[in-house]
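Below is one structure, written out as structure tokens, with a few remarks after it.
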Amino acid sequence: MKVVPLLKRLSEAEGVTGCEGPVRELLRQTWEPFVDEMREDKLGNLIALEWGEPSKLLRPRLMLAAHMDEIGLRVTGIDKGFLRITRVGGTDRRALLGVEVVVHATRASRRGRDLPGVVATRPPHVLPQAARKKTVPWDEIFVDVGLPPKEVERLVSVGDLISIRRELAELKNRRVAGKAIDNRIGLVVLTLALEQLSGARHAWDVAAVATVQEEIGLRGAMTSAYGVAPDLGIALDVTFGKQPGVSDVDGSALGEGPVILVGANFHSGIVARLKEVAEAHEIPYQLEPAPGQSGTDAWAIQVAREGVPTGLICVPVRYMHQPVETLDMQDAERAGRLLAAFVIGLEPDFLEELAWEQGSA
């Protein structure tokens with residue numbers, strides 16, 4: 001599978017938190033050749049099942065999860081044809097000015113209508129001198145869709161969602177930049193692993209889950225982990241890439257392999273196996289400590305039901321929660337290989353071998 005075209009489709013698809021339908025349908029079509037069964041749960045999580053070898057009547061189940069929602073905006077008011085807005089998830093208002101958007105207007109028809117727009121504010125020429133040095137507050141940022149005020153009021157409602165419009169840009173050295181890389185690259189990693197698993201034998205059943213509403217509280221991972229009831233879990237997400245202003249402790253290098261997280265949120269036995277598999281397959285990897293809960297789907301999976309031994313594989317990304325999130329595609333490809341090799345190598349009794357004491361990994 002060609003990874004850049006796959007990421008381009010996923011990145012450019014719409015899927016603001018709570019309205020993940022377009023990206024979910026794209027994933028459904030992409031995953032269909034690789035899995036045995038698919039379903040959508042009541043919250044909107046897409047769950048794909050790939051059965052293991054029938055060596056046991058009751059096979060252990062592994063949950064692989066990556067969230068498909070993205071940050072965005074929501075209309076809070078209409079002022080003479082201009083849309084007042086607020087964030088959905090962790091949208092960074094510093095990076096919004098001059099960005100193209102799509103307003104998902106619900107009044108236009110029962111199906112809704114998409115209106116192109118731009119995010120803007122007053123030009124610096126008309127601002128007081130002191131205001132020119134400050135970050136523009138939310139109440140001074142607006143969206144302009146280019147329509148007369150009466151037409152805007154007819155089509156747009158308070159509460160309508162707005163998604164960022166941005167084409168994926170291919171940079172040099174196999175690096176790309178775009179919107180919603182967090183966490184569409186996790187979906188790419190999961191898709192690459194499913195493709196490899198579809199032609200391989202593995203002892204565990206695999207439940208691949210594209211989760212919803214991660215950006216506002218891990219909600220999809222909570223409900224899907226309860227429904228899937230896995231014996232083991234691995235989440236896929238992004239982590240901070242090294243860039244100016246990010247310390248070596250807080251950032252991981254682009255191009256030096258996927259990042260395996262270490263800490264209380266992650267079972268030491270899973271961390272050790274991931275490292276072992278990476279080294280056996282000559283896959284470069286990086287380690288990153290997480291002192292508490294990771295803020296990712298891995299946390300929700302770990303504390304589901306009576307508790308689930310969980311791991312987390314991340315792809316380092318620069319400029320997180322901005323419309324130009326940047327990564328190295330080699331890291332994603334290596335993460336997909338690592339994940340598939342981990343699954344293929346799982347013995348039927350691996351769960352029994354895990355030590356519950358959280359020692360050093």
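The values are calculated or read from the model by the stated rules, or taken from the named source; none is laboratory data. All values reported here derive from a predicted model rather than from experimental measurement. Cβ atoms come from the backbone with ideal geometry, glycine included; neighbour counts cover every protein chain shown.
Listing for the model above:
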read-out	value
Where a residue in the range 281-299 is within 16 Å of ASN183 (Cβ to Cβ) and its partner, wherever it lies, is assigned to a loop (DSSP other than H, G, I, E, B) and aromatic (Phe, Trp, Tyr), with Cβ under 7 Å and at least six apart	ALA298/PHE266
Residue within the range 51-68 that is among the polar types (S, T, N, Q), out of contact with any Ser or Thr (no Cβ under 9 Å at 6 or more places or on another chain) and in a loop (DSSP other than H, G, I, E, B) present	yes
Filter result for THR135 (within 23 Å of GLU215 (Cβ to Cβ) and of a type in the set (S, T, N, Q))	yes
Hey, ARG94 out of contact with any Phe, Trp or Tyr (no Cβ under 9 Å at 6 or more places or on another chain) and either in the same structural domain as LEU218 (by TED's automatic domain parsing) or not in a loop (DSSP other than H, G, I, E, B) (or both) or not	yes
Any pair with Cβ under 8 angstrom, 6 or more apart, that starts in the range 221-234 at a residue that is under 16 Å from PHE266 (Cα atoms) and ends at one that is among the hydrophobic types (A, V, I, L, M, F, W, C) and surrounded by fewer than 17 Cβ atoms within 10 Å (Cβ to Cβ)	ASP231/LEU351; LEU232/LEU351
Options ARG28, ARG24; residue that is touching a Leu at 6+ places or on another chain (Cβ under 7 Å) and closer than 14 Å to ASP69 by Cα	ARG24
All positions within the range 284-334 that are of a type in the set (Val, Ile, Thr) and crowded, with 20+ Cβ neighbours inside 10 Å	THR296, ILE301, VAL308, THR310, ILE313, VAL315, VAL317, THR326
Flag if GLY251 is under 21 Å from the mean Cα position of the chain (by Cα), assigned by TED's automatic domain parsing to the domain that holds VAL308, surrounded by fewer than 22 Cβ atoms within 10 Å (Cβ to Cβ) and under 30 Å from LEU58 (Cβ atoms)	no
Of all residues making up the range 28-76, the number that are polar (S, T, N, Q) and under 19 Å from LEU7 (Cβ atoms)	2
Verdict on GLN213 being out of contact with any strand residue (DSSP E or B) (no Cβ under 7 Å at 6 or more places or on another chain), surrounded by 20 or more Cβ atoms within 10 Å (Cβ to Cβ) and modelled with pLDDT of 95 or more	yes
